[in-house]
Amino acid sequence: MAAIQLYNTLSRQLEALRPPTGEPLGMYTCGLTVYDYGHIGNFRTFIAVDVLQRFLLSEGYQLNAVLNLTDIDDKIIERARTAGHGVGEHAAIYARAFEQDMELLGLRQPEHLVRATAHIEAMVAWCDRLIATGHAYISQGSVYFRVASFPAYGALSGKDAESLLVGARVESGLEQKEDARDFVLWKAHKPGEPSWPSPWGPGRPGWHIECSVMAMHYLGASFDLHAGGADLVFPHHENEIAQAEAVTGERFVRHWFHVEFLLVESEKMSKSLGNYYTVRDLIARGVKPSALRYLLASVPPRRSLNFTHEGLEQSAAAVERLTGFRDRLRRNGENQPPAGADRAVEWVRTARENFRAALADNLNTAAALGAVFEMVRAGNAALDAGEMTAQAARAALDFLAYFDGIFGVLGDEDEARLAAYALGTGLELSAPALDMAAIEARLAERAAARARRDYSRSDELRRELEQLGVVVEDVKGGEQKWRVKK
Ligand code: AMP
Ligand code: ZN
């Protein structure tokens, strides 16, 4: 099989990911800063990473994935103050909320879900090494990285020394720095802020050093892949590279994977525009986790994703089309005569190859979904023509299971996950709207099954109706009554 090609922000081209070996692929993702609930933009990035990881697992890779939670930072301190929380308490509330959102959306548990405050000593030790090697200096109890000491600075973002200087002068205004481009590694303690001891006095780590140190702690000085949203290329990831490579002299990260931004109705998501959504906002309005996951996964990571309510409805419809096809295969596939077997299995094989090739081509999820729907069309046509063999139905069902192992959108766990989420978050979930077209079709089919005394089929339909939120009762005279399941 051809190697997986992924765009590498550092080389600005597609590059083959190293093949799977016994050695797990080391992968670090910049996670949430836990001052508030994660929004759907954050989850766009996390779902892209999740789809990539599940694809890699299906390709035989082993993973050593790290996801961090930034649990000490200016915004957390500020928000905790406004909310009347302790800083640690505030961060813990939103870290827990993040884990609930993660479970709801079926995000894979990384091998290491790590918090910055659990690694402060290692961060202090790394600052010490940077100072000892001349790459950092102490100024008024804070520690700064000396950008001039690292000539490769700017390679990731493509910024040259001149443009960096111009940008930095505008933004900084920090007189205690040697050079406007220098960035903070350790912030001297300010009254009312949490602090940890260090050789330079009490203080707290800067955001950039947190990620470098945690990444190297779990993955070593040089590892395979580093992910995050496109907003992190500069300065966060540029700084991560400098902090790590200045000390180790080794290439910090082989492959940089950046996910483009999510926009809402073509605008930047912001609270003031009223187009800002957390996962729980949407769930409380009756959006299913599978539909949200589908929408966020459906656009390839290198393209920005324009979130619209219409798109969300289309995603819900796409999920239903897939599950409807799967139900149809399960119901009818096994019962048809074995005609046209080879041809039918061929369309499954083609779909599988196209699906895999699309994902291996820089995680082109849109093309991969295209291959799945191509199969659904061919499969429905075969079912309509009575040409679906047991063998083809099995192959198609296998393919759907493989597909869903990567996309995780068939929604089998929606109900259970929503129930757990409601319990864990105390969120009031609005009753999901009934799909009346599907309900009526099944009621009619069930009446017909009972008329021909096909009770096993009628029981099967009763179960399907229950899944659609409806309980049926049989009353005298062969009539059926239905009511909404409580
Ligand atoms: P933050 O909590 O701001 O540190 O962000 C957590 C992760 O979400 C980072 O990887 C960000 O790059 C990513 N992110 C933030 N906003 C968006 C957005 N609108 N679209 C996609 N990714 C985002
Ligand atoms: Zn980071």
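The values are calculated or read from the model by the stated rules, or taken from the named source; none is laboratory data. All values reported here derive from a predicted model rather than from experimental measurement. Cβ atoms come from the backbone with ideal geometry, glycine included; neighbour counts cover every protein chain shown. In case anyone asks, the SASA skips ligands and DNA or RNA and just uses the protein heavy atoms, side chains included. Shrake-Rupley method; radii C 1.70, N 1.55, O 1.52, S 1.80 Å.
Over the chain, what is the percentage of antiparallel beta bridges among all DSSP beta bridges, to the nearest 5? Kindly include the intermediate steps, with their values, before the conclusion.
Details: 23 of 46 bridges.
Antiparallel bridges: around 50 percent, rounded to the nearest 5.
Roughly how big is segment 436-484's charge dipole about its Cα centre, with Cβ charges of +1 (Lys, Arg) and -1 (Asp, Glu), in debye to the nearest 20?
In total the dipole reaches around 140 debye.
Starting from 0.36 nm per residue, how many nanometres of slack lie between Asn380 and Glu415 once their C-alpha separation is accounted for? All intermediate terms of the calculation are to be shown ahead of the outcome.
Values: separation 35, 0.36 × 35 = 12.60 nm, distance 2.68 nm.
Gain in length upon complete extension: 9.9 nm.
Using Cα pairs under 8 angstrom and six or more residues apart, how large is the relative contact order of the chain, in percent?
RCO, the chain: 16 percent.
Of the options Ser157, Gly26, Gly86, report the single residue whose Cα projects farthest towards the positive end of the charge dipole of segment 19-259 (beta-carbon charges: Lys, Arg +1; Asp, Glu -1).
My answer, from the dipole projection, is Gly86.
Residue-wise, which Karplus ³J(HN,Hα) couplings in Hz belong to segment 399-413, taking 6.51 cos²θ - 1.76 cosθ + 1.60, θ = phi - 60°, and x for glycine or proline?
Karplus values, whole Hz, x for Gly and Pro: 4, 4, 5, 4, 4, 6, x, 9, 7, x, 10, 6, x, 4, 9.
Under the 0.36 nm per residue contour assumption, what length would be gained going from the current alpha-carbon distance of Val471 and Phe234 to full extension? List each step's numbers first, then the result.
Details: separation 237, 0.36 × 237 = 85.32 nm, distance 5.56 nm.
Separation in residues times 0.36 nm, less the Cα-Cα distance, equals 79.8 nm.
Leaving ligands and nucleic acids out of the surface, order Val484, Val87 by accessible area at 1.4 Å, largest first. Working shown, then result.
Numbers: Val484 80, Val87 30 Å².
Ranked from most to least accessible, the order is Val484, Val87.
Does segment 360-486 come out rounded, prolate or oblate by the C-alpha gyration tensor, with a ≥ b ≥ c the root eigenvalues, rounded set by a/c under 1.5 and, if not, prolate when a/b is larger than b/c and oblate if not?
Oblate.
Given a 1.4 Å probe, how much area per residue of the chain is accessible, in Å²?
Per-residue value: 45 Å².
Starting from the Cα-Cα distance between Leu14 and Asp361, subtract it from 0.36 nm times their residue separation and give me the gain in nm to one decimal.
124.0 nm
Using just the Cα positions, wrap the chain in a convex hull and report its mean projected area in square nanometres, one decimal place. Walk me through the intermediate numbers first.
Details: hull surface 104.8 nm².
Convex hull of Cα atoms, orientation-averaged projection: 26.2 nm².
Given axes a ≥ b ≥ c from the Cα gyration tensor, I'd like to know whether segment 19-259 is rounded (a/c under 1.5), prolate (a/b larger than b/c) or oblate.
Working: a/c = 1.73, a/b = 1.21, b/c = 1.43.
Because a/c hits 1.5 or more and a/b fails to exceed b/c, segment 19-259 counts as oblate.
Would you please classify the overall shape of segment 38-143 from the alpha carbon gyration tensor, given that a ≥ b ≥ c denote the square roots of the eigenvalues, rounded means a/c under 1.5, and beyond that prolate means a/b larger than b/c while oblate covers the rest?
Values: a/c = 2.80, a/b = 1.32, b/c = 2.12.
Oblate shape, in that a/c is at least 1.5 and b/c is the bigger or equal ratio.
Just the number, please: carbon plus sulfur as a percent of the accessible area of segment 60-190, 1.4 Å probe, no ligands or DNA/RNA counted.
On the way: 3040 of 6060 Å².
C and S fraction of accessible area: 50 percent.
Can you give the relative contact order of segment 295-414 as a percent, counting alpha carbon pairs under 8 Å and 6+ residues apart?
Relative CO of segment 295-414 lands at 37 percent.
Using 10 Å bins from zero, what percent of all Cα-Cα pairs in segment 436-484 falls into each bin?
Final binned percentages: 28, 63, 9.
About its Cα centre, how strong a charge dipole does the chain have in debye, to the nearest 20, once Lys and Arg get +1 and Asp and Glu get -1 at the Cβ?
With Lys and Arg at +1 and Asp and Glu at -1, about 880 debye.
Taking a point 7 angstrom from the Cα of Glu250 along the C-beta vector, which residues in segment 56-89 have backbone N less than 16 Å away?
In segment 56-89, the label zone of Glu250 (backbone N under 16 Å from the point 7 Å along Cα→Cβ) covers 64.
If you take the Cα atoms of segment 263-394, find Rg, then find the Kirkwood Rh from the mean of 1/r over all pairs, what is Rg/Rh?
1.09
Quick one: what are the phi-derived ³J(HN,Hα) couplings along segment 40-46, Karplus 6.51/-1.76/1.60 with θ = phi - 60°, whole Hz, x for glycine and proline?
5, x, 3, 6, 4, 4, 5
Sorted from largest down, what three extents in whole angstroms do the Cα atoms of segment 1-75 have along their principal axes?
Taking the Cα atoms of segment 1-75, the three principal extents are 45, 27, 19 Å.
Using θ = phi - 60° and the Karplus form 6.51 cos²θ - 1.76 cosθ + 1.60, what ³J(HN,Hα) does each residue of segment 200-207 get, whole Hz, x for Gly and Pro?
Values, residue by residue: 9, x, x, x, 8, x, x, 4 Hz.
Mean residue ellipticity at 222 nm from the helices of the chain, using -39,500 (n - 2.57) per DSSP H segment of n ≥ 4 over the full residue count, to the nearest 500 deg cm²/dmol?
Details: 16 runs with 234 residues, N = 486.
Value at 222 nm, helices only: -15500 deg cm²/dmol.
If you average the C-alpha positions of segment 1-17 and of segment 97-172 separately, how far apart do those two centres end up, in angstrom?
25 Å
Which cross-chain or sequence-distant (5 or more) residues have an amide H under 5 Å from the amide H of Val264, H modelled 1.01 Å from N in plane?
Met269, Phe307
What FRET efficiency comes out for the pair Leu165/Thr133, r = Cβ-Cβ distance, R0 = 22 Å, nearest 0.05?
0.40
Rounded to the nearest 20 debye, what is the charge dipole size of segment 19-259 about its Cα centre when +1 sits on each Lys and Arg Cβ and -1 on each Asp and Glu Cβ?
160 debye
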